[in-house]
Structures are given as C-alpha cells and as structure tokens.
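Notes follow once the structure below has been shown.
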Amino acid sequence: MKTTNHLVKILCLICILCCSCNSPQKSNAGWQKVFQNDESGDIIYGDKSKLIDAVRLGYPVRIGWGGNRVEHIADATFLTIFEGKEVFAQINTIVGQAPAIDNDSLKLRFRTQNHWTKISGTNGYATNFMTNYLKDSIVGGGTDRYTATTWYVLYPEHSLDIEAKPLWRKESKNWGEWNKKNKK
C-alpha cells in the first residue's frame, strides 16, 4: 500500500509539473524571409518596414533572385535605405559561375576571367556589372533593369530592446524638387 501511495504521489507531482510548464514558443531567431518585391516594386510578401527596421538595427540581410533556370542567394554587404521607404542591397563581388548542360549532365563552371556584382532594390530596381580582373576592365552589365527580389534577415536569439531610428536627413539641395516630382 505504501508503494502504491508513493507511486501515486510521484505521478501527481509529474502531472502538476508538466501542466504548470509553459509550452515552448516558436523562436523567431535565425534566417527569416521578411519581404519580397516583384519587378515593379510591388509587394509580393511581407512588410517592408520590418526589413527597414532590421537594416537599421544592423541585422545581417541576404537577397535572393532568379533567372534563366537558376536561383541565387547572396549576403548583402552594403545596404542603403532611401528616405525610410526603399532599401538597396549590394553583394560582394564574386567569381562568376554559370550552369552548363553538357549532353546529359549538368555542370557548374567558373567564368575564368570575370568578377561580378549586383545591387537590388525593394522598388524592383537592379543593376550589375562584370569586370575582367586580368585586364582590370568592365566587360559587361551596367544595365539598369527591374527584377523581383526576396529579402531575408538573420534575427538574433534574443531580440534587442533598441528602437530602429532613421539615420538620414534632408540635406540635398535638390531634395525638395525631387520629392515633389516623385511623390505618389
């Protein structure tokens, strides 16, 4: 009888402990897709203000885009917020790579003499250029185009209790005129 009472008490204690524990909440830490724009800058997914706040707080950002049967994702190494409304991201220069279909096999090859870089914006704007590093000259790109871009943010394990305040100010002598022409 003592053993049964002892066992019942232990089971009751375990049940009470299990019921009193909070269920774990889903963590928002790690890489999260926060925004996606189409080639016109229209929102496909997310909230641009969350991306802007993340950039102001210094969180790492990655951009993704696709074309000609491939998808690319790269770390944004230089970020610009324009008037608190648009974000532009530049990736580090890379050695170019290109898929090549050879008979029945798919291979990925380096562009042996070229480096490539890209800038993408939440307004759909994108530009890129390629340099021949052996000749130290621009060999391609430099063409403005519009493309869809997906934006990812690396959120820390513990969120920072810091307000994401703007760093910009109106200082260009042409700002007023530009703003009048471009207000929607």
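For region 101-168 versus region 45-72, the inter-centroid distance based on Cα atoms is 11 Å.
Take region 62-113 with all the other protein chains still there, run a 1.4 Å probe, and you get 71 Å² of accessible area per residue. If the Kirkwood radius is taken over C-alpha pairs of region 32-184, then at 20 °C and 1.002 mPa s the Stokes-Einstein diffusion coefficient equals 123 µm²/s.
Taking other residues whose beta carbon is less than 15 angstrom from the beta carbon of ALA98, and scoring Lys, Arg as +1 and Asp, Glu as -1, yields +3. Within region 116-184, all pairs of alpha-carbon atoms sorted by distance into 10 Å bins from zero give the percentages 14, 22, 33, 25, 6. Near GLY41, the amide H atoms lying under 5 Å from its own belong to GLY124; only residues 5 or more places off or on other chains count, and H is placed 1.01 Å from N. Taking trypsin sites (Lys or Arg not before Pro) across region 38-104, the ones in a DSSP loop with at most 12 further Cβ atoms lying within 10 angstrom of their Cβ are ARG69, LYS85.
The values are calculated or read from the model by the stated rules, or taken from the named source; none is laboratory data. Just so it is clear, the structure is predicted and the values come from calculations on it, not from any experiment. Neighbour counts are summed over all protein chains in view; Cβ atoms, including those assigned to glycine, are modelled from backbone coordinates with ideal geometry. For accessibility, only protein heavy atoms count, side chains too; no ligands or nucleic acids. Shrake-Rupley method; radii C 1.70, N 1.55, O 1.52, S 1.80 Å.
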